[in-house]
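First the structure, in the form of structure tokens, and then the observations on it.
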Amino acid sequence: MMWVVWRQQRSIVVAFFAAAVVFVIWLIVTGQHEQSLWNQYLAAPCKGRLSSITRDVNYCAALEAKVSVSGAHNDDVATVIGAIYAPLLGLILGVNAVAREIEQKTNRLAWTQSGSRSKWLRSKYLTGVTTIVVICTPLCLVLSWWVRASHDAARIVPKAFPISGFVEIGYGVFCFVLAVAVGLLIRRAGWSLAVCIIFFAGVFLSFADQVRPHLVTPSVMTVQGDQMEAGSSSGFYSSGGTPSNSWQLNQGFVPVTTKGIPSQALIGKSERAMGVCEEARVQGSYCSHHLHLRTVAIYIANGQYWTLQLLEGAFYVGLAALLAGISFLGIRRIRA
Amino acid sequence: MIDGTAVLETVNLGKRYRRKWGLQDCTLTIPKGRVAALVGPNGAGKSTLLRMAAGLDQPSVGNLRVLGESPTSGSGDLKERVGYLDQERPLYKSFRVAEMLRFGAKNNPNWNMAVAQEHLAQLDIPLRSRIGNLSGGQQAQVALTLCLAKEPELLLLDEPAAALDPVARDELLRILMRQVADCDSSVLLSTHSLGDVVAICDYVVVLAHSRVVLSNDTEYVLESHRILSAVHDGDLLPPPGVSVINSQSSTRGQSLLVRVELPIDETQWRVERPTLEEIVLAYLREGSPGAKDRHSHDDEGLGE
Amino acid sequence: MTEKPPSITFRLDPRSGVAPYRQLVDQVRNAMVSGLLREGDQLPSLRDVVTQITINPNTVHRAYRELEHLGIAEGRAGLGTFITSYSSRPFDATERESLERKLRDTITEARHFGISEEQILELITLAFRQDGDVRT
């Protein structure tokens, strides 16, 4: 049975595999290129920032420009392709496995051979999930390396998180199971694909926006005024003085006495108070002292990275398992 | 009523799709060893019956037994013994013929690869061709081969001869008959045109308006029906001992197709034997509900 | 494998009101009358007939059983079905001509009275039955 499922998905897998090979080669080439540029920039005399020594300023400025510009375009391409590869693979495999079969009525052939419908569905799931894991694991390894090498963003921030680590395999598996389950319901390949794309996009964006920041307890730190102005320091990716490679969730003024994690409402209130004060006075630091406010940054530290990956991966895989379970319950009742 | 040697038995079987009944009040017993034709216009319920027998659909009401078992009770064993060919003759268009056979082998423990390859070789269908590149008739043959090579006890074929040119149809039916000769399989095939299959069927089931109006051995049907015609001026009463299925009047006469229960008085009426098609057509035209009394489970036929 | 021509080529008229197996029986009997089939000839096997024409093998089986029942043929285990010595005597020419003439006259007369072909055949069948001969 597995041979049959494999044979049915063979051309899709070959196409995606070829695309992955091309993508990986491109990632390696551009990643190495950017890595070497950064190494130059981080080394003497620039040491990762504009040198204060006059004669080096132009040289470092030029390097910095190269590093940020040459990276930008490649980074966007890589991020987009990297982020959609596994979900797309999952969706197309899933739609092909079930919706297309039902649309072409070959399920009437398959379900009148020996073996139950459950066995049929089981083979579909097993083959699809195995394919996704086998293809995406090496790709994830290369992407994770690339995230580090390209210095585009910290691996924990939303821009890079989906393409680093192994959470993408979770996306792929979820998309596959989703497409299978939806295919059983909608029974048409085109519509199933459309519905699944919209649904997955919704789930993914909502989760990244609303749930991921709350998966772990963030840290709060007070930021000295002048640190905020410092911008990029030797630990770049930090803004406003938070530790390097962390994911800054929020930043602003809060009363000095605040304990724990301040709410957005509290920050907003303090911001408004500062605003009123600053209209009257010039110096910002007077207002914060006068109003007994301090600047805080709320962030999730780099050390939480694998926890986030695990939790988010578990969510998607768990949801996939739930959908799969429901589909097994429904498979007997479905009209052939 | 339970006949241990029947290949298909239904009692009050019905299937409902949303608000419409695809099949109702279906009570049939098809004995073993027959090549049975399921005849009726499109929408009469033929595919519905075959799909339920193949286990693709669940009955809404009533009882259904195929080879003594219920098709939907989940035992995979029954699917090994029954071959089903859907009206759409689904195949994987991107597969090669040889891969399609491999599909059959992987999915059926009783698969006989030699038989499958022999059939296709006789029809000159190369194993290397892609299914999508074969003609309609060749695809139908491959689809049929998938059923035949698992050497089932019962073949359920939904319009196997439809949309085939006469040569292709003849070839397909001939291969089917060879299988019946070799393996003693029973066959239930549906058709909306009896003429296509009248040469090979020895049992006939007529469906009209989702109901069974006739089901019996063709020999019995032929022996028990006559056409009576007479010349007269007014309306003549049919003789006693007959059941009028269909009547047609002309200017000076009347022609009745009847089922005979008692010997007919031949002085007033001219008696002729109708063909099977004429009989079936009469039942289809008349096709009223309450046709249960026209069923007969007399497998022996007249006079034996 | 040598291809021997079959001893008889069957034809089925699906549009006839006569049951298919009966048609085959009649064809065998006609073949014997005209000398196409003689005592000891083997009738084609089920599989051969089914390969020759598109016909239900049960029909052939039934026809052969009927021929055995009538004593016209006999099955020999493992070998096939063979024509027996019963009524294998072909007509000689004069007997045949005389009978054909008589039948033609009777038919012409019947037609004259408006009796149909079907009814004539029924009459003949009736006559056989009354004769106490085997059931036809």
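Each Cα pair under 8 Å and six or more residues apart adds its separation to the average, and for chain B the resulting relative contact order is 19 percent. Each residue in A:Ser164, A:Ser206, B:Ser73 was given a count of other beta-carbon atoms within 10 angstrom of its own, and listing them fewest first yields B:Ser73, A:Ser206, A:Ser164. Placing unit charges on each Cβ (+1 for Lys and Arg, -1 for Asp and Glu) gives chain A a dipole about its Cα centre, and among A:His290, A:Trp26, A:Asn250 the Cα reaching farthest toward its positive end belongs to A:Trp26. What the phi angles of region C:25-35 give under the Karplus curve with 6.51, -1.76 and 1.60, with θ = phi - 60°, is a coupling list of 4, 4, 5, 5, 5, 4, 5, 6, 4, 8, x Hz, glycine and proline written as x. Report the rotationally averaged projected area of region B:159-242 based on its alpha-carbon convex hull, in square nanometres. Its Cα hull, projected and averaged over all orientations, spans 8.6 nm².
Across region B:1-114, Cα pairs under 8 Å and at least six residues apart give a relative contact order of 24 percent. Here is the list for region B:36-125: GluC sites (Glu not before Pro) lying in DSSP coil, each with at most 15 other C-beta atoms within 10 angstrom of its C-beta, are B:Glu88. Once backbone amide H atoms are built at 1.01 Å from N, B:Gly22 has B:Lys15, B:Arg16, B:Tyr17 as its partners under 5 Å, excluding neighbours fewer than 5 places away on the same chain.
Shown in residue order for region C:58-64 are the 3J(HN,Hα) couplings computed by the Karplus curve 6.51 cos²θ - 1.76 cosθ + 1.60 at θ = phi - 60°: 4, 4, 5, 4, 4, 4, 5 Hz (x for Gly and Pro). In terms of its C-alpha gyration tensor, region C:20-83 has a rounded overall shape, because the principal axis ratio a/c (a ≥ b ≥ c, square roots of the eigenvalues) stays below 1.5.
Normalised radius of gyration (Cα atoms, divided by 2.2 N^0.38 Å) for region A:148-225: 1.48.
Kirkwood's formula applied to the C-alpha pairs of chain B gives a hydrodynamic radius of 20.7 angstrom. Across every pair of non-identical alpha carbons in the protein assembly as shown, the mean reciprocal distance, once inverted, gives a Kirkwood radius of 33.3 Å. Once backbone amide H atoms are built at 1.01 Å from N, B:Gly253 has B:His232 as its partners under 5 Å, excluding neighbours fewer than 5 places away on the same chain. Shown for B:Thr29, C:Thr81: other C-beta atoms within 10 Å of each C-beta, ranked fewest to most, produce the order B:Thr29, C:Thr81. Taking the charge dipole of the protein assembly as shown about its Cα centre, with +1 at Lys and Arg Cβ atoms and -1 at Asp and Glu Cβ atoms, the residue from C:Gly40, A:Ala62, A:Ala83 reaching farthest to the positive side is A:Ala62. Amide H to amide H distances under 5 Å link A:Asn250 with A:Ile298, where only residues 5 or more positions off or on other chains count and H is placed in the peptide plane. Annotation: region B:216-265 has a Kirkwood hydrodynamic radius of 11.5 angstrom, from the mean reciprocal C-alpha pair distance.
Specify whether the C-alpha gyration tensor of region B:1-121 places it in the rounded, prolate or oblate class, a ≥ b ≥ c being the square roots of the eigenvalues: rounded for a/c under 1.5, otherwise prolate if a/b is larger than b/c and oblate if not. It is prolate, given that a/c is not under 1.5 and a/b is the larger ratio. Put a dot 7 Å past the Cα of C:Ile124, heading toward its Cβ, do the same for A:Leu311, and the two dots end up 9.8 nm apart. Only helices enter this figure: runs of n ≥ 4 DSSP H residues, each worth -39500 (n - 2.57), summed and divided by the residues of chain A, yield -22500 deg cm²/dmol at 222 nm to the nearest 500. Ordered by the number of other Cβ atoms lying within 10 Å of each residue's own Cβ, fewest first, B:Arg285, A:Arg7, B:Arg211 fall into the sequence B:Arg285, A:Arg7, B:Arg211. The charge dipole of the protein assembly as shown, taken about its Cα centre with unit charges on the Cβ of Lys, Arg, Asp and Glu (plus for the first two, minus for the last two), comes to roughly 3380 debye. Among the GluC sites (Glu not before Pro) in region B:204-278, those located in a DSSP loop and surrounded by at most 12 other Cβ atoms within 10 Å of their own Cβ are B:Glu261. Sequentially through region C:10-18, phi angles give Karplus couplings (6.51, -1.76, 1.60; θ = phi - 60°) of 7, 9, 10, 9, x, 8, 7, x, 8 Hz, Gly and Pro residues having no value and appearing as x.
The helix-based estimate of mean residue ellipticity at 222 nm for chain B, built from -39,500 (n - 2.57) per DSSP H run of four or more residues and divided by its residue count, is -8500 deg cm²/dmol to the nearest 500. Of the DSSP H helices in chain A, those with a Cα length along their own long axis of 27 Å or more and a mean Kyte-Doolittle hydropathy reaching -0.5 comprise A:2-42, A:54-94, A:117-150, A:167-186, A:305-330. Taken over the Cα atoms of chain A, the convex hull encloses 153 Å³ per residue.
Kindly point out which whole DSSP H helices in chain B project their C-alpha atoms 30 angstrom or further along the helix axis while averaging a Kyte-Doolittle hydropathy of 1.0 or above. Helix filter hits for chain B: none.
No value in this document is a laboratory result; all are computed from the given coordinates. As the structure is a prediction and not an experimental result, all values here were calculated from the model. FYI the Cβ positions are ideal-geometry reconstructions off the backbone, even for glycines, and counts take in every protein chain you see.
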